[in-house]
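Right, I'll just put the structure down here and ask away after.
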Amino acid sequence: MAIHDFTSERLFVDAPLQAGERITLSPDQANYLFNVLRLDAGAELLVFNGCDGEWRARIDRPAKRTAVLDTIAKVRDQTGGPDIEYLFAPLKRARLDYMVQKAVELGVARLRPVMTRRTVAERINLERMRANAIEAAEQCGVLRLPEIVPPERLDAVIAAWDPRRPLVVADEEAAVASPTMALAALPVGSPLGVLIGPEGGFAPEERAALLSRPFVLPLSLGPRIMRADTAAVAALSLVNAVVGDWR
């Protein structure tokens with residue numbers, strides 16, 4: 001049996017959710033309901049806003065291109081997830097979209113682009129990242145949306161890092177070959193960060209600076225070299241399985 005209702009359409013709304021709420025949707029959302037999902041007045045769907053749980057709502061159509069939702073009842077309380085900050089060197093468009101979606105599905109709390117010496121993508125579209133995060137949450141039953149942090153230089157991020165929060169860094173030369181053994185040193189459920197570098201790897205001085213920090217935990221991802229978006233899925237899955245909420 002499915003944990004959640006995956007038969008109903010789901011929609012993210014940027015509005016408070018409570019009993020008897022009447023929510024006017026944007027023109028784009030109205031178009032999505034009427035012309036993409038082929039719903040109409042009287043149809044019901046599930047809505048969430050990232051903080052007030054999941055609600056069943058009914059569509060009202062006061063005008064041809066206008067959609068209003070009337071909340072009916074809460075069907076799921078708000079859920080949280082692991083306190084994982086996912087830091088990554090931005091990728092080019094399609095692969096960045098994929099990586100953001102998978103990170104949301106894997107339950108990260110924050111998405112933090114970091115600029116490294118070998119970062120390929122120079123511009124980061126935060127609105128596009130948010131749209132991809134919302135789409136992933138809508139499709140996968142996720143209630144929590146990650147915070148999306150503006151990009152920063154890697155050296156600035158490391159300099160300001162809270163040393164009480166371990167930072168797991170994918171490192172193909174990690175001294176401990178077994179990733180599960182390396183992660184076993186961390187307390188289960190503790191806040192942490194996961195950092196995946198750029199396609200060409202960290203520059204030698206960047207890697208040296210990272211490994212000099214006592215809060216950094218180098219993590220091997222096995223004998224094969226992965227693309228950055230694949231490494232993200234692998235690292236986040238390992239973290240969830242060993243010290244996150246998959247236990």
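Identify the single condition in (1) surrounded by fewer than 17 Cβ atoms within 10 Å (Cβ to Cβ); (2) within 22 Å of residue 146 (Cβ to Cβ); (3) modelled with pLDDT of 95 or more; (4) hydrophobic (A, V, I, L, M, F, W, C) that residue 46 does not satisfy, given that it satisfies every other one.
Going through (1) surrounded by fewer than 17 Cβ atoms within 10 Å (Cβ to Cβ); (2) within 22 Å of residue 146 (Cβ to Cβ); (3) modelled with pLDDT of 95 or more; (4) hydrophobic (A, V, I, L, M, F, W, C) one by one, residue 46 breaks only (1).
Here is a follow-up. Output the residues belonging to segment 216-247 that are of a type in the set (S, T, N, Q) and touching a residue at least 60 places away in the same chain (Cβ under 8 Å).
Answer for segment 216-247, where residues must be of a type in the set (S, T, N, Q) and touching a residue at least 60 places away in the same chain (Cβ under 8 Å): 237, 240.
Within segment 9-28, identify whether any single residue is surrounded by 11 or more Cβ atoms within 10 Å (Cβ to Cβ), at pLDDT below 95 and among the aromatic types (Phe, Trp, Tyr), and answer yes or no.
No, because not a single residue in segment 9-28 is surrounded by 11 or more Cβ atoms within 10 Å (Cβ to Cβ), at pLDDT below 95 and among the aromatic types (Phe, Trp, Tyr).
List the residue pairs whose Cβ atoms are under 7 Å apart, where the first residue sits in segment 123-138 and is open to solvent by 40 Å² or more (accessible area, probe 1.4 Å), the second is not in a helix (DSSP H, G or I), and the two are 6 or more positions apart or on different chains.
Filtered contacts from segment 123-138: 126/148; 126/150; 130/148.
Of everything in segment 221-237, what is open to solvent by 50 Å² or more (accessible area, probe 1.4 Å), part of a loop (DSSP other than H, G, I, E, B) and either touching a helix residue (DSSP H, G or I) at 6+ places or on another chain (Cβ under 7 Å) or within 24 Å of residue 81 (Cβ to Cβ) (or both)? Give them in sequence order.
226 - this is the single residue of segment 221-237 that is open to solvent by 50 Å² or more (accessible area, probe 1.4 Å), part of a loop (DSSP other than H, G, I, E, B) and either touching a helix residue (DSSP H, G or I) at 6+ places or on another chain (Cβ under 7 Å) or within 24 Å of residue 81 (Cβ to Cβ) (or both).
Any residue at all in segment 172-180 that's farther than 30 Å from residue 5 by Cβ and in contact with a Lys or Arg (Cβ under 9 Å, 6 or more places away or on another chain)?
Yes, there is a match, as at least one residue in segment 172-180 is farther than 30 Å from residue 5 by Cβ and in contact with a Lys or Arg (Cβ under 9 Å, 6 or more places away or on another chain).
From (1) over 30 Å from residue 55 (Cβ atoms); (2) modelled with pLDDT under 95; (3) assigned to a loop (DSSP other than H, G, I, E, B), pick out the condition that doesn't hold for residue 189.
Evaluating residue 189 over (1) over 30 Å from residue 55 (Cβ atoms); (2) modelled with pLDDT under 95; (3) assigned to a loop (DSSP other than H, G, I, E, B) leaves (1) as the failure.
Going through 150, 163, 214, 218 one at a time, which residue ends up being open to solvent by 30 Å² or more (accessible area, probe 1.4 Å), in a strand (DSSP E or B) and not aliphatic (A, V, I, L, M)?
218
So if I check each of 205, 173, which one is in a loop (DSSP other than H, G, I, E, B), surrounded by fewer than 20 Cβ atoms within 10 Å (Cβ to Cβ) and among the acidic types (Asp, Glu)?
173
The values are calculated or read from the model by the stated rules, or taken from the named source; none is laboratory data. Since this is a predicted model, take the numbers as computed values, not measurements. All Cβ positions, even for glycine, are placed from backbone atoms using ideal geometry, and neighbour counts span all protein chains on display. Note: accessible area is taken over every heavy atom of the protein model, side chains too, but ligands, DNA and RNA are not part of it. Shrake-Rupley method; radii C 1.70, N 1.55, O 1.52, S 1.80 Å.
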